[in-house]
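A short worksheet on the structure shown next.
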Amino acid sequence: MEGGIIQYLTSLNKENLNEIYSQPFTCKTILKILSPLSKQYVLQLLCFPQNEPVDLQSTFLSFIKPEMKENHQISLNKLVELNIFIQCYSKTSKNCYSLNPHFYQQLSQLIINYEEFVEEKEYENQNEIIEEVTEKQIKSKSKKQWEAILSYLIDHVEEEENKVESKSQKKGEETKTRKTRKKRKKEEENPKVKTEPKKNRRRRHEIKLSQGFISLLEKTGFLSKKIIKKKTRHKTTQEGFRFLFEDQHTQMWRILLFYIDNCEERGMVKSEVISFLLRLSFMKFGRKYNSETLSLTQQTFLLDLDEIGLVYLTKNSQIYYPSHITSVLSNTAPKYSGNGHLIIETNFRIYAKSPNQIQLQLFTWFVHSQHALPNLASGVLTKRSIRSVLIKGLTGELLLKYIEHNTHPEMLCKFPVIPPTVTEQILLWEKERNRLSFKPCRKYFEFPSHDEYFVVKKFAEDSNFLIWSSDHDKIIITLESAHKQIEKFISSLSEKRK
Amino acid sequence: MVRYTKGLLLECDPTIKKYITKLNEESQEKFIIHDLGPTLLLINPSAKEMIQRKVDQLHDTNTYTKLEEMEKKISKGNLK
């Protein structure tokens with residue numbers, strides 16, 4: 001039940017939740033992704049008349065094994081958090097709950113008119129000639145769209161990298177740079193050589209991201225903006241860099257949740273966006289649906305989903321096809337994709353068997369690469385290569401997770417998948433870098449008297465805030481988190497003095 | 001009246017601390033506010049990134065991998 005939509009829903013307030021629960025598809029999705037025990041409770045309560053408080057303690061605890069009681073409390077808390085269970089107080093017991101009326105209605109409707117709800121109606125209109133779209137087209141387009149986002153972020157990491165490199169160049173290497181400069185000059189003179197890398201870049205930019213989407217990326221904190229000479233320049237932040245190494249499920253949800261959070265600014269209705277998103281997960285891949293029956297919010301949302309690659313919109317925007325990624329939406333946990341590309345050996349050699357530009361780009365970041373063939377790259381994990389990604393903001397844990405998620409099927413027969421020597425070495429390298437720890441704190445000084453200083457010091461000491469103090473100079477240093485309490489204490493002291 | 005300022009508590013091992021105090025002496029803007037003991041320093045929050053970067057650079061100069069050395073030699077043509 002971790003992550004994804006459930007986590008997001010718990011952060012919403014009750015009114016928003018009620019709005020969401022008035023839609024059949026959201027209720028259906030939520031029921032689908034609840035934990036088994038919670039599911040059981042919801043369905044049990046559905047059998048009682050609406051709005052009747054049910055004493056859970058007596059109804060449910062009787063058939064729960066004593067060792068699973070903890071689980072009972074967890075699922076109960078979750079349901080209350082989600083506002084699906086509403087606590088009510090009756091005379092007999094405190095532990096009475098009733099099902100959220102909106103949720104109750106939708107769910108009972110769902111059971112009664114099951115067939116109506118099972119499938120979204122397909123678009124049917126035989127009089128018109130519609131452009132037919134094959135599954136292959138949808139797949140390749142959604143993949144392209146998604147990769148456009150990632151490569152936008154990737155392209156803006158590189159700039160930073162160049163800067164760091166030029167800074168770290170040592171005096172001895174200056175002669176080398178001169179040589180390369182000469183080489184560059186030569187290349188400029190010879191246009192044939194120069195066009196090669198440019199071509200490569202253009203291929204990646206086949207699809208341009210819209211301004212709206214770029215500003216969304218800025219809001220998520222993945223991109224930082226700088227205005228230099230009236231031109232806006234983007235740079236991928238450390239957060240954005242970490243984002244690149246996450247699995248697609250997490251990436252997709254992070255983007256969507258940020259989208260939902262910001263949709264009201266653009267005049268869209270939040271609950272409609274959420275319900276449409278969940279509705280999408282019930283549509284079948286490869287079928288066509290009519291977009292004209294949708295509300296205005298949903299239609300604008302559809303355009304943006306088209307940009308992420310979740311749906312395929314036809315040219316006149318009348319018909320949309322959900323893409324194969326939509327099934328990700330109602331899945332709770334990311335699964336191993338089964339078609340990874342990395343092979344890693346105990347001697348730190350690592351191979352990437354993939355023609356995918358993005359995967360290869362990530363590969364060259366954390367690997368000291370040695371060979372690059374059209375669909376195979378090989379290299380060695382070195383301290384320097386790992387450190388370079390750590391400096392950019394990646395954590396060792398995330399990197400290991402990335403490698404594990406993307407291991408080649410051949411590797412799966414081994415356990416653990418990543419050789420322990422490699423895992424440990426990466427974590428050690430990370431630890432070595434994190435020798436510094438920073439904690440915000442406050443320094444208090446210029447106490448009017450020694451007495452006051454000692455009183456404050458004792459207060460800080462007793463509440464475990466004190467880090468350091470100097471009796472001679474009357475200085476106290478405490479944690480930043482304690483500032484409010486200490487400030488209060490000091491002001492109460494000075495009032496007393498008056 | 002009691003006054004207070006924001007600071008950053010830096011915890012590190014003694015060797016790195018030595019390096020940081022050296023950085024402080026060399027830099028024009030002193031960022032160490034107080035020396036709190038063998039592994040603790042109170043520093044100016046604005047210096048955090050600079051320190052992190054400098055320590056990273058120090059690590060980089062002390063990193064040695066045989067493989068990279070070999071490649072350097074090969075590119076220079078010394079290795080036959």
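The values are calculated or read from the model by the stated rules, or taken from the named source; none is laboratory data. Treat the numbers as computed from the prediction; the structure is a model and nothing was measured. Quick reminder, even Gly has a Cβ in these numbers, built from the backbone with ideal geometry, and neighbours come from all protein chains shown. Just so you know, the surface numbers come from the protein's heavy atoms only, side chains and all, with ligands and any DNA or RNA stripped out. Shrake-Rupley method; radii C 1.70, N 1.55, O 1.52, S 1.80 Å.
Can you put B:M70, A:M252 in order of accessible area, largest first, using a 1.4 Å probe?
So, going from the largest accessible area down, we get B:M70, A:M252.
Assuming R0 = 51 Å, what is the FRET efficiency of A:N356 and B:R3, from their Cβ-Cβ distance, to the nearest 0.05? Numbers along the way, then the final one.
Details: r = 58 Å, r/R0 = 1.14.
About 0.30, to the nearest 0.05.
Could you work out the helix-only [θ] at 222 nm for chain B, with each DSSP H run of four or more residues adding -39,500 (n - 2.57) and the total divided by the number of residues, to the nearest 500 deg cm²/dmol?
Value at 222 nm, helices only: -15000 deg cm²/dmol.
Counting protein heavy atoms only and a 1.4 angstrom probe, how many square angstrom of accessible surface do chains B and A bury in total, to the nearest 100?
3600 Å²
Between A:N13 and A:F438, what is the label-to-label distance in nm when each label sits 7 Å out along the Cα-to-Cβ direction?
Between A:N13 and A:F438, the label points sit 3.5 nm apart.
Which of A:K392/B:K76; A:K443/A:K488; A:K443/B:K18; A:K383/B:K66 have a Cα-Cα distance over 19 Å?
As for pairs spanning more than 19 Å Cα to Cα, those are A:K392/B:K76; A:K443/B:K18.
Computed FRET efficiency, Cβ-Cβ of A:K144 and A:S491, R0 51 Å: what is it to the nearest 0.05?
0.25
So which of A:K28/A:K144; A:K136/A:K270; A:K143/A:K284; A:K235/B:K22 end up more than 25 Å apart, counting from Cα to Cα? Don't skip to the answer; put the middle values down first.
Working: A:K28/A:K144 31 Å; A:K136/A:K270 32 Å; A:K143/A:K284 18 Å; A:K235/B:K22 32 Å.
In this structure, A:K28/A:K144; A:K136/A:K270; A:K235/B:K22 lie more than 25 Å apart at Cα.
Using the heavy atoms of the protein chains alone and a 1.4 angstrom probe, what is the accessible area of segment A:4-118 per residue in square angstrom?
Values: 6250 Å² over 115 residues.
I get 54 Å² per residue for this part.
Which whole number gives the average count of other chain Cβ atoms within 10 Å of the Cβ atoms across peptide B:47-55?
2
Using a 1.4 Å probe and ignoring any ligands, DNA or RNA, find the accessible area of A:H324 and quote it in Å² to the nearest 10.
70 Å²
Name the residues of segment B:1-23, by number, that are at least 50 Å² less accessible with every protein chain in place than in the isolated chain; the surface is that of heavy atoms, probe 1.4 Å, without ligands or nucleic acids.
Those are B:M1, B:V2, B:R3, B:Y4, B:T5, B:K6, B:L9, B:E11, which lose 50 Å² or more relative to the chain on its own.
Quick one: accessible surface of A:L360, probe radius 1.4 Å, all protein chains present, in square angstrom to the nearest 10.
Number for this one is 30 Å².
Per 0.36 nm of contour for each residue apart, how much would the distance between A:Q425 and A:D471 grow if the chain were fully extended, relative to their Cα-Cα spacing? Please list the in-between numbers first.
Numbers: separation 46, 0.36 × 46 = 16.56 nm, distance 4.50 nm.
Full-extension gain reported as 12.1 nm.
Ignoring ligands, DNA and RNA, what percent of the 1.4 Å accessible area of segment A:4-118 is carbon and sulfur?
Whole-percent figure for carbon plus sulfur exposure: 52.
Please work out how much accessible surface B:I32 shows to a 1.4 Å probe, ignoring ligands, DNA and RNA, in Å² rounded to 10.
Its heavy atoms expose roughly 40 Å² to the probe.
Can you give me the Cα centroid spacing of segment A:207-227 and segment B:4-56 in angstrom?
35 Å
Return the distance in nm (one decimal) between the two label points of a simple spin-label model at B:N62 and A:K414, each offset 7 Å from Cα along Cα→Cβ.
In this crude spin-label approximation the distance works out to 3.1 nm.
Would you mind calculating the gained length between A:E67 and A:E461 on full extension (0.36 nm times residue separation, minus the Cα-Cα distance), in nm to one decimal?
In short, 137.7 nm is gained.
Per the Kirkwood formula on distinct C-alpha pairs, the Rh of chain B is how many angstrom?
15.1 Å
Could you please put A:S463, A:S11 in sequence from largest to smallest accessible area, using a 1.4 Å probe?
Ranking A:S463, A:S11 by accessible area, largest first, yields A:S11, A:S463.
If you stretched the chain out fully between A:S317 and A:D247, how much longer would it get, using 0.36 nm times the residue separation minus the C-alpha to C-alpha distance?
Value of the extension gain: 22.2 nm.
What's the carbon and sulfur percent of segment A:441-497's accessible surface, probe 1.4 angstrom, rounded to a whole number?
Numbers: 1670 of 3250 Å².
With neighbouring chains kept in place, the figure for segment A:441-497 is 51 percent.
Need one value for B:25-37: mean number of C-beta atoms belonging to other chains within 10 Å of its residues' C-beta atoms.
Numbers: counts 0, 0, 0, 0, 0, 0, 0, 0, 3, 6, 1, 5, 2.
Average per residue, whole number: 1.
Bin width 10 Å, alpha-carbon pairs only: give the P(r) of segment A:4-118 as whole percents, running from 0 to the bin holding the largest distance.
All Cα pairs, binned at 10 Å, distribute as 13, 47, 33, 7, 0 percent.
Could you calculate, for segment A:441-497, the ratio of the Cα radius of gyration to the Kirkwood radius, expressed as Rg to Rh?
Over the Cα atoms of segment A:441-497, Rg/Rh equals 0.92.
Can you give the FRET efficiency for A:S215 and A:Q137, using 1/(1 + (r/R0)^6), R0 = 30 Å, r = Cβ-Cβ distance, to the nearest 0.05?
0.55
Please arrange A:V42, A:V80 by accessible surface area, largest first, computed with a 1.4 Å probe and ligands excluded.
From most exposed to least exposed: A:V80, A:V42.
Cα centroid distance between segment A:259-283 and segment A:286-325, in Å?
13 Å
Residues of segment B:8-76: accessible area per residue at 1.4 Å, in Å²?
Per residue, segment B:8-76 has 62 Å² of solvent-accessible surface.
Any idea how far the Cα center of segment A:15-57 sits from the one of segment A:394-471, in Å?
41 Å
Express the carbon and sulfur contribution to the solvent-accessible surface of segment B:8-76 as a percent, rounded to the nearest whole number, probe 1.4 angstrom.
About 52 percent, which is the carbon plus sulfur part of the accessible surface.
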